[in-house]
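The values are calculated or read from the model by the stated rules, or taken from the named source; none is laboratory data. The structure displayed is predicted, hence computed values, not measured ones. Because the Cβ atoms are built from the backbone with ideal geometry, glycine has one as well, and the counts that use them run over all protein chains shown.
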Amino acid sequence: MDENDDIEVLINVVNSFEIGDEVNAGRAELGLTRVLPIQMNLNTETVHNEPVFLVGANVGGKINSIKESQVLLDYRLITNNHPDYWDTLLKDVKKHYPNVRTMAVNQIEVTKKFIESGLGVSYLPISMVKDEIEADNLIEIKPEKIVAPDSETYVLTKVETEEARSFIAFLKESL
C-alpha cells in the first residue's frame, strides 16, 4: 500500500447482505463480503478461501479429548454468526445429530466470547479463531461426521479502476 500513499481509504462496516447495495449505489468503490451479492451488474471476485473448523473452549485441556459427537450433545451449537454457510451446515448437523441444541448469535466476536466462556461451540473460519487457538483459549474439535464448509471472501466493484485493481492485488497477497 506504500506505493499508493496518495489514495485515501475510508472503511464503512455494514452487514454483509448490504454491501452489494452500497457498491451498486456508488456509496462505496469496492466492498468486501462473505456472501455473493444479488446485484448481477457488480463485478465479483474471490479474494480468499479458507477452511471452517468446529471450535470449543480449551477448559484445562479437557475438551481436547472430547469428540464432535460428544461436544454437539453437551454444548449448544452457536449458529448464524456467518452470513453464508449456516443454512446448509445446520441441516447437515441436524441430520447426523438430531438432538443438537442451538443458539443464534449474529456476530463472530460475540460467538468467540460465548465459546471461551463455555456457553457453546461453533463452526468458524480459521482466520477468525487463529489467534485464540494459538493462545490456547479455543481449540479445534476434529470432525467425525460433519464436513465443514469453506468460507470465501469476495470483493465487489461496479467500476474497476486502476486503484481498485491495486487494492484487490494487495488484498490477495495479504490474505
Item to check | Index of the failed condition, Ser166 passing every other in (1) at pLDDT below 95; (2) outside any helix (DSSP H, G or I); (3) touching a helix residue (DSSP H, G or I) at 6+ places or on another chain (Cβ under 7 Å) | outcome: (2)
Item to check | So Ala169, is it assigned by TED's automatic domain parsing to the domain that holds Leu36, surrounded by 14 or more Cβ atoms within 10 Å (Cβ to Cβ) and of a type in the set (Gly, Ala, Ser) | outcome: no
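Among the residues of the range 115-133 satisfying the criterion of being assigned to a helix (DSSP H, G or I) and in contact (Cβ under 8 Å) with a residue 12 or more places away in the chain, which is farthest from Arg76 (Cα to Cα)?
Filtering the range 115-133 down to residues assigned to a helix (DSSP H, G or I) leaves 115-116, 126-133.
Going one step further and asking which of them are in contact (Cβ under 8 Å) with a residue 12 or more places away in the chain, we end up with 115-116, 126-129, 132-133.
Details: Ile115: 10, Glu116: 13, Ile126: 20, Ser127: 22, Met128: 19, Val129: 18, Glu132: 19, Ile133: 20 Å.
This residue is Ser127.
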Checklist entry - Considering only the range 23-47, how many residues are under 22 Å from Met128 (Cβ atoms) and of a type in the set (Asp, Glu)? => result 1
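Rundown of residues vs (1) hydrophobic (A, V, I, L, M, F, W, C); (2) part of a loop (DSSP other than H, G, I, E, B); (3) within 20 Å of the chain's Cα centre (by Cα), yes/no style:
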position	(1), (2), (3)
Asn12	no, yes, yes
Val23	yes, no, no
Gly26	no, yes, no
Gly31	no, no, yes
Gln39	no, yes, no
Pro51	no, no, yes
Checklist entry - (1) modelled with pLDDT of 95 or more; (2) closer than 30 Å to Leu156 by Cα: which one isn't true of His48, the others all being true? => result (1)
Checklist entry - Among (1) over 20 Å from Asn137 (Cβ atoms); (2) free of Cβ contacts under 8 Å to residues at least 12 places away in the same chain; (3) of a type outside the set (Lys, Arg); (4) surrounded by fewer than 16 Cβ atoms within 10 Å (Cβ to Cβ), where does Ile7 come up short? => result (2)
Checklist outcome for this item: Just one listed residue, out of Thr88, Thr111, is assigned to a helix (DSSP H, G or I), touching a residue at least 24 places away in the same chain (Cβ under 8 Å) and surrounded by 13 or more Cβ atoms within 10 Å (Cβ to Cβ), and it is Thr111
